[in-house]
Amino acid sequence: MADVAEALAMLVDQDATVAVAESLTGGLIGAAITSVSGSSKAFRGGVISYATDLKRELLGVPEGLLRREGAVHPEVAAGMAAGVARLCGATYGVAVTGVAGPEPQDGKPVGTVHIAVCGPGGQIWARELRLEGSRERIRVETVDEAVDLLSGVLKANIGEHSG
């Protein structure tokens, strides 16, 4: 399981901040982050863009992409991550979009999840998941995977943004 406190400590050490854009997790990532004492030193906020039109209107995901691919797509996750970082003035944006079930969405099967982290200079790191289990399990595993991806990016960037 990803360690939220460790990710927050790395953000603080790097004098960096994070914001989240959540679809299928409905605020669980933000809740996990803010459950850690001192999270306000690095957490800027987030957007729960559950409805597809909010991905476009609030986060700037291109309408053509959403129309062509639907909301469950790696480029949509990347656009959400970049959009929330810009909207919230954060160094990093973390975004998740996917299908928690019980029914498929946009032709994508239950358990399809896309995670993206947008970092300095607009660089994108992405992860695609094929999860199994209940709706709740898919949502909880998505939170863990999103924090894990962010932690990996932060570990790779240690020292790049200091001094």
Practice item. Take the residues in region 137-159 that are free of Cβ contacts under 8 Å to residues at least 12 places away in the same chain and not hydrophobic (A, V, I, L, M, F, W, C), then tell me which one is nearest to Val99 (Cα to Cα). Key: Arg137
Point to revise | Some residue of region 21-39 being open to solvent by 20 Å² or more (accessible area, probe 1.4 Å) and under 18 Å from Pro120 (Cα atoms) | key: no
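Just to check your reading of the model, which residue among Ala42, Ala51, Ala32, Ala116 is over 19 Å from Asp3 (Cα atoms) and at pLDDT 95 or above?
Working: Ala42 fails: over 19 Å from Asp3 (Cα atoms); Ala32 fails: over 19 Å from Asp3 (Cα atoms); Ala116 fails: over 19 Å from Asp3 (Cα atoms).
Residue meeting the stated conditions: Ala51.
Tell me whether region 85-95 contains one or more residues that are out of contact with any strand residue (DSSP E or B) (no Cβ under 9 Å at 6 or more places or on another chain), among the basic types (Lys, Arg), open to solvent by 70 Å² or more (accessible area, probe 1.4 Å) and at negative phi.
Checking region 85-95: not a single residue is out of contact with any strand residue (DSSP E or B) (no Cβ under 9 Å at 6 or more places or on another chain), among the basic types (Lys, Arg), open to solvent by 70 Å² or more (accessible area, probe 1.4 Å) and at negative phi.
Among the residues of region 62-84, what is the count of those that are part of a loop (DSSP other than H, G, I, E, B) and out of contact with any strand residue (DSSP E or B) (no Cβ under 9 Å at 6 or more places or on another chain)? Please lay out each step first, then the result.
Of region 62-84, the ones part of a loop (DSSP other than H, G, I, E, B) are 62, 70-73.
Checking the rest, the ones that are also out of contact with any strand residue (DSSP E or B) (no Cβ under 9 Å at 6 or more places or on another chain) come to 62.
Of the residues in that region, 1 qualify.
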Check your understanding: Checking Ala100 against (1) out of contact with any Leu (no Cβ under 7 Å at 6 or more places or on another chain); (2) in a loop (DSSP other than H, G, I, E, B), which test does it fail?
Key -> (1)
Check your understanding: So which residues in region 44-59 are without any contact (Cβ under 8 Å) to a residue 40 or more places away in the chain, outside any helix (DSSP H, G or I) and buried (at least 20 other Cβ atoms within 10 Å of the Cβ), if there are any at all?
Key -> Ser49, Leu59
Review point. Looking only at region 119-163, which residues are open to solvent by 60 Å² or more (accessible area, probe 1.4 Å), in a loop (DSSP other than H, G, I, E, B), among the small types (Gly, Ala, Ser) and modelled with pLDDT under 95?
Key: Ser162, Gly163
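The values are calculated or read from the model by the stated rules, or taken from the named source; none is laboratory data. Model, not experiment: these values are computed from the prediction. Virtual Cβ from ideal backbone geometry, glycine too; neighbours counted across all protein chains shown. Please note that ligands, DNA and RNA were not included when accessible areas were found on the heavy atoms of the full protein model with its side chains. Shrake-Rupley method; radii C 1.70, N 1.55, O 1.52, S 1.80 Å.
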